[in-house]
Amino acid sequence: MIGQRESVSGAHFAFTDRWGGVSAAPYEELNLGGAVGDDPGAVRTNRELAAKSLGVDPARVVWMNQVHGADAVVVDEPWGDRPVPEVDAIVTAGRGLALAVLTADCVPVLLADPVAGVVAAAHAGRPGLVAGVVPAAVRAMTGLGAEPSRIVARTGPAVCGRCYEVPEAMRAEVAAAEPAAHAETRWGTPAVDVGAGVRAQLERLGVRDREQSPVCTLESADHFSYRRDRTTGRLAGYVWLD
Ligand SMILES: [Zn+2]
């Protein structure tokens, strides 16, 4: 259910694994993604189960309509009947509002400045890394009074650089935007390390407290991996303030 969980000065970070939900194969068990072909009723139940295990009100969880872009939006209440915006980062200064990001290989980035009382969740895949979704999230946070030097950054399970094979030209394109993402697979072919790129961006932004999950989704049977399984579920990362 909840694979990793941490609290820092009233800010809470959590990442799910694939177990403990009600979805049938190939989404078993805790698929939290609503746009992957799974039964919507199962997804709703899974979202309730995950929120309850975190001690969060399911109605106070804010999801995004993720599009591999770099737009960030500030929220202060759940979307309700409003359309869920197409963004890849959400930011709030609201207490008890849990921001959620969905992934299956992409890097889920959770950020919190507990002093300012500002948190953010971002979806950083290869396009988002290049487009700058992480800098956009940090900029939106500083707009609400956060200081990069106080931001605590946690990145969740994602495909690792030794598994993420890409064509040579694609590696060159990504490395031109973010040199730290240049990688090689364990079998010696061109690869991209999105997590390393995210860490380099955070460091450049002045975010000092950075920790990354050691889990590679493609290598872990306990996590969803799009590159491994194609039709599969989505993991979630959650960040919220007391
Ligand atoms: Zn790997």
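The values are calculated or read from the model by the stated rules, or taken from the named source; none is laboratory data. Note that the structure is predicted; figures quoted are calculated from it, not measured. Neighbour counts are summed over all protein chains in view; Cβ atoms, including those assigned to glycine, are modelled from backbone coordinates with ideal geometry. When the accessible area is computed, the model is the full protein with side chains, heavy atoms only, and any ligands, DNA or RNA have been set aside. Shrake-Rupley method; radii C 1.70, N 1.55, O 1.52, S 1.80 Å.
Give the carbon-plus-sulfur fraction of the accessible surface of the chain in %, rounded to a whole number; probe 1.4 Å, heavy atoms of protein chains only.
Details: 4910 of 9940 Å².
Using a 1.4 Å probe with all protein chains present, the chain comes out at 49 percent carbon and sulfur.
In plain terms, if you count all Cα to Cα distances in the range 43-95 and split them into 10 Å steps from zero, the share in each step is 23, 48, 29, 0 percent. Normalising the average separation of contacting C-alpha pairs (under 8 angstrom, six or more residues apart) by the number of residues puts the relative contact order of the range 128-242 at 29 percent.
List the chymotrypsin sites (Phe, Trp or Tyr not before Pro) within the range 164-242 that fall in a DSSP loop (any state other than H, G, I, E or B) and whose Cβ has at most 16 other Cβ atoms within 10 Å. Those that pass, being in a loop and sparsely packed, are W187. Other residues with beta-carbon under 11 Å from the beta-carbon of S213 carry, at +1 per Lys or Arg and -1 per Asp or Glu, a net charge of -2.
Nearest 20 debye, what's the magnitude of the dipole of the chain about its Cα centre given +1 on Lys and Arg Cβ and -1 on Asp and Glu Cβ? Mind showing how you got there, number by number?
Numbers: 23 positive and 30 negative charges, 47 e Å.
Dipole about the Cα centre, nearest 20: 220 debye.
The relative contact order of the range 2-241, computed from alpha carbon pairs under 8 Å that lie at least 6 residues apart in sequence, is 24 percent. Taking the Cα atoms of the chain, the ratio Rg/Rh between the radius of gyration and the Kirkwood radius comes to 0.95. The three principal axes of the Cα atoms in the range 71-200 give end-to-end lengths of 47, 34, 22 Å, sorted in falling order. Modelled spin labels at R230 and R210, positioned 7 Å past Cα toward Cβ, are 3.5 nm from each other.
Packing-wise, with mean Cβ within 10 Å as the measure, how do 34-44, 127-137, 84-94 rank, highest first? Provide the component values of the computation, followed by the final result.
Numbers: 34-44: 15.1, 127-137: 23.5, 84-94: 21.8.
Highest to lowest by the protection proxy: 127-137, 84-94, 34-44.
Averaged per residue, the chain has 41 square angstrom of accessible surface, using a 1.4 angstrom probe with ligands and nucleic acids left out.
What is the local net charge at A51, summed over the other residues whose Cβ is closer than 14 Å to its Cβ (Lys, Arg +1; Asp, Glu -1)? Numbers along the way, then the final one.
Working: positive: R5, R44, R47, K52, R60; negative: E48, D57.
Every neighbour counted, the sum reads +3.
For the range 1-144, the Stokes-Einstein estimate of translational diffusion at 10 °C and a viscosity of 1.306 mPa s comes to 103 µm²/s, using the Kirkwood hydrodynamic radius over alpha-carbon pairs.
If you place +1 on the Cβ of every Lys and Arg, -1 on the Cβ of every Asp and Glu, and leave all else neutral, what size is the dipole of the range 99-242 about its Cα centre, to the nearest 20 Debye? Walk me through the intermediate numbers first.
On the way: 15 positive and 16 negative charges, 19 e Å.
Charge dipole, the range 99-242, about its Cα centre: 100 debye, nearest 20.
Here is the short version for the chain: C106, C163 have no other Cys C-beta closer than 4.7 Å. Within the range 92-153, all pairs of alpha-carbon atoms sorted by distance into 10 Å bins from zero give the percentages 24, 53, 22, 1.
Just how many % of Cα pairs in the range 156-242 lie over 18 Å apart, if you round to the nearest whole percent? Of all Cα-Cα pairs in the range 156-242, 51 percent lie more than 18 Å apart. Reported to the nearest whole Å, the Cα centre-to-centre distance from the range 1-80 to the range 107-185 is 19.
Over the range 66-107, one equal point on each Cα, no solvent: what is log10 I(q)/I(0) by the Debye formula at q = 0.21, 0.22, 0.27, 0.31 Å⁻¹? The Cα Debye sum returns log10 ratios of -0.75, -0.81, -1.11, -1.26.
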